[in-house]
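Below is one structure, written out as structure tokens, with a few remarks after it.
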């Protein structure tokens, strides 16, 4: 009896784990859907899911959260689905919901105690 030691076409668990994972852009703004009348998060979420086909958004939705009571926060995987989702929500839900995009923060850093007589050659750039 002869054993076939040629494992062509077979993948090990380690090889499967090496495949690149989908990277979600963390620097995309959330789309905020706030109802004009007071209602709970479940009702808002149900209205969004019933009036908008979430599966048709190319790229997909990375998160749908409740952070502010009745508000729904939606984030997509990339910028083009994010814009498409916002446009579709504005066209379908503008009568009963306020749709807006969350502004991203751009933090600034203050560095103190630096000698003003430093030369450009002495400054090291870090990536």
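Could you tell me whether any residue of region 21-41 is touching a helix residue (DSSP H, G or I) at 6+ places or on another chain (Cβ under 9 Å), modelled with pLDDT under 80 and more than 30 Å from residue 95 (Cβ to Cβ)?
Among the residues of region 21-41, at least one is touching a helix residue (DSSP H, G or I) at 6+ places or on another chain (Cβ under 9 Å), modelled with pLDDT under 80 and more than 30 Å from residue 95 (Cβ to Cβ), which makes the answer yes.
Can you list the strands (runs of 3 or more DSSP E) lying wholly within region 61-117 that have 2 or more residues being farther than 19 Å from residue 38 by Cα and touching a strand residue (DSSP E or B) at 6+ places or on another chain (Cβ under 7 Å)? Talk me through it step by step, then tell me what you get.
Numbers: elements: 61-65, 72-76, 97-101.
By residue number, 61-65, 72-76.
Could you list all residues from region 75-124 that are in contact (Cβ under 8 Å) with a residue 40 or more places away in the chain and loosely packed, with under 10 Cβ neighbours inside 10 Å?
103, 104 - these are the residues of region 75-124 that are in contact (Cβ under 8 Å) with a residue 40 or more places away in the chain and loosely packed, with under 10 Cβ neighbours inside 10 Å.
For region 64-73, what are the residues that are at pLDDT 80 or above and either surrounded by fewer than 12 Cβ atoms within 10 Å (Cβ to Cβ) or under 11 Å from the mean Cα position of the chain (by Cα) (or both)?
Those that are at pLDDT 80 or above and either surrounded by fewer than 12 Cβ atoms within 10 Å (Cβ to Cβ) or under 11 Å from the mean Cα position of the chain (by Cα) (or both): 64, 73.
The values are calculated or read from the model by the stated rules, or taken from the named source; none is laboratory data. Please read these numbers as outputs of a predicted model, since none were measured by experiment. Note: ideal-geometry Cβ built from the backbone for every residue, glycine included; neighbour counts use all protein chains shown.
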